[in-house]
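Notes for the one structure printed next.
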Amino acid sequence: MSKYLKFLDLGNQPLANNYLRKDQLIKKEKKYRLKVGINNESKLVSIEKPLSSKIMFNQNYPYRSSMSKTMIKSFKNLSDFIKKKFHPKKILEIGSNDGSFLKNFSKKKSIGIEPCSNVEQITKSKGYNTYSEYWNKNTAKKILKKNGKIDLIYSANTISHIQNLDEVFKSINIILKDNGIIILEDPSLLECLKRNTYDQFYNEHIYVFSLIAIENILKKHNLEVFHIQNLKIHGGSNRYFIKKKNNKIKIDLSVKLNRDKEIRYGLNNLKTYRSFAKRVQKSKKLLKKLFMKIKNKKKIIVGYGVTAKSTTVLNYCKIGKKYISYFVDTTLDKQNKYTPGTRIPIFEYKGLDNKKIDYIFLGAWNFKDEIFKKEKNFIKNGGKVIIHTPVPKII
Ligand code: TYD
């Protein structure tokens with residue numbers, strides 16, 4: 001019998017992307033207990049109690065994939081690769097956000113699904129064929145009727161947000177051609193454990209996938225991974241290339257190598273997750289201590305890039321306004337609001353002034369390289385950077 005075994009408790013957490021307007025501060029926010037566990041049979045790691053999609057993904061969704069050069073470049077490189085390798089006549093993106101990926105393809109060829117109508121409208125306004133729908137069988141049937149079958153389906157950082165994975169793949173099977181390709185991209189569980197990035201878990205991230213778990217789900221739907229790319233994106237992601245079983249494409253060595261790597265690390269083993277949980281508890285203590293030490297010296301700390309991930313870190317470690325004076329972020333929909341739970345003000349990013357800021361805390365640590373490049377003067381002039389992964393430290 002399959003059993004869900006909990007291994008990590010990240011405490012009471014607010015909705016990770018629910019940046020608060022000033023007038024919302026008088027109300028108490030709803031909090032949800034965030035616990036993480038593993039299914040002992042499928043080895044699928046998930047949060048214990050997923051919330052309804054409608055609470056999290058609606059017309060107020062603040063996330064924009066176009067906010068980082070890293071993502072834009074990654075989408076462009078992948079698009080070039082797809083065009084050269086697969087020549088798709090029709091391409092569908094599940095979770096198309098503001099169209100940062102689809103814009104690399106012709107409007108005639110592309111279809112975007114995005115349940116958050118505010119971001120879906122951005123892509124539509126550029127002339128793309130988009131649907132403001134959740135990905136399920138009804139949506140697949142509707143799109144099939146209007147557009148016919150699809151050659152290539154791409155989805156980045158979206159499938160991990162959908163609770164019913166069987167429905168995800170049943171819906172994909174409705175619309176994908178027999179020789180069609182699916183490309184999925186999500187944070188890697190192996191990298192999450194190696195780097196102690198427990199903030200990959202928040203209410204939207206229902207799952208953090210391993211290849212082992214993905215293969216266990218796919219086999220129920222006659223699908224299989226034939227190639228994997230390990231990416232640096234979002235602190236280490238996997239890009240899974242998937243086909244129908246009867247498609248003759250060769251399964252290459254990357255799949256076995258990745259599977260072996262995961263088994264060697266112990267992703268099949270509950271013990272591995274228990275020791276991860278211990279490291280996470282230790283990381284919490286160390287981060288708090290670090291903040292306290294810096295604040296005791298009366299230094300000013302500013303958060304850089306406010307993320308769903310930082311919601312987990314700040315609420316779990318109980319780091320609030322006392323430690324972080326404010327956040328800066330380039331996303332318009334996050335500015336002049338307050339961080340969920342911890343209520344730290346968020347302002348427009350206008351560069352960093354060494355006279356006013358001593359330390360930045362990297363909420364967007366996953367874009368560390370991009371940010372270090374951008375802020376080289378701040379660092380050269382003595383500005384310091386706090387990061388919590390793989391261990392809390394100043395760099
Ligand atoms: P991301 O890590 O993609 O978000 P999440 O954890 O919510 O999935 O978000 C990165 C955030 O950092 C986004 O709000 C934009 C912001 N950002 C900056 O403000 N400046 C930058 O230079 C970069 C790269 C990101």
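The values are calculated or read from the model by the stated rules, or taken from the named source; none is laboratory data. Quick caveat: nothing in here was measured; it's all calculated off a predicted structure. No Cβ is skipped: glycine too gets one built from the backbone with ideal geometry, and neighbour counts run over all protein chains shown. Protein only, heavy atoms only, side chains kept; ligands, DNA and RNA dropped before computing areas. Shrake-Rupley method; radii C 1.70, N 1.55, O 1.52, S 1.80 Å.
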Look through the range 33-47, keep the residues that are part of a strand (DSSP E or B) and basic (Lys, Arg), and return whichever of them is surrounded by the most Cβ atoms within 10 Å (Cβ to Cβ).
-> 35
Scope the range 277-301; condition more than 15 Å from residue 318 (Cβ to Cβ), within 30 Å of the chain's Cα centre (by Cα) and among the basic types (Lys, Arg); matching residues | 278, 279, 282
Candidate set: the range 132-149, residues that are under 25 Å from the mean Cα position of the chain (by Cα) and open to solvent by less than 20 Å² (accessible area, probe 1.4 Å); chosen: the one nearest to residue 217 (Cα to Cα) = 135
Segments classed as strands (runs of 3 or more DSSP E), wholly inside the range 211-308, with at least 2 members that are touching a residue at least 40 places away in the same chain (Cβ under 8 Å), aliphatic (A, V, I, L, M) and farther than 25 Å from residue 184 by Cβ = 301-304
How many residues, within the range 358-387, are open to solvent by less than 20 Å² (accessible area, probe 1.4 Å), more than 10 Å from the ligand (Cβ to nearest atom) and assigned to a loop (DSSP other than H, G, I, E, B)?
-> 1
In the range 302-328, which residues are within 13 Å of residue 345 (Cα to Cα), near the ligand (Cβ under 10 Å from one of its atoms) and surrounded by fewer than 24 Cβ atoms within 10 Å (Cβ to Cβ)?
-> 328
Of all residues in the range 50-70, how many are over 24 Å from residue 165 (Cβ atoms) and within 16 Å of the ligand (Cβ to nearest atom)?
-> 8
Could you tell me whether residue 35 is at pLDDT 95 or above and away from the ligand (no atom under 15 Å from the Cβ)?
-> yes
Quick check: anything in the range 344-353 crowded, with 19+ Cβ neighbours inside 10 Å and within 20 Å of residue 234 (Cβ to Cβ)?
-> no
Please tell me if residue 82 is more than 30 Å from residue 365 (Cβ to Cβ) and away from the ligand (no atom under 16 Å from the Cβ).
-> no
Check residue 281 against each of (1) loosely packed, with under 15 Cβ neighbours inside 10 Å; (2) closer than 24 Å to residue 204 by Cα; (3) within 14 Å of the ligand (Cβ to nearest atom) and name the one condition it does not meet.
-> (3)
Give the range 25-38 a look and list any residue that's over 17 Å from residue 199 (Cα atoms) and in contact (Cβ under 8 Å) with a residue 60 or more places away in the chain, or say none.
-> 25, 29
Could you give every pair whose Cβ atoms fall below 6 Å, whose first residue belongs to the range 161-181 and is within 21 Å of residue 55 (Cα to Cα), and whose second residue is not in a helix (DSSP H, G or I), counting only separations of at least 6 or pairs across chains?
-> 161/204; 163/50; 163/206; 167/136; 168/162
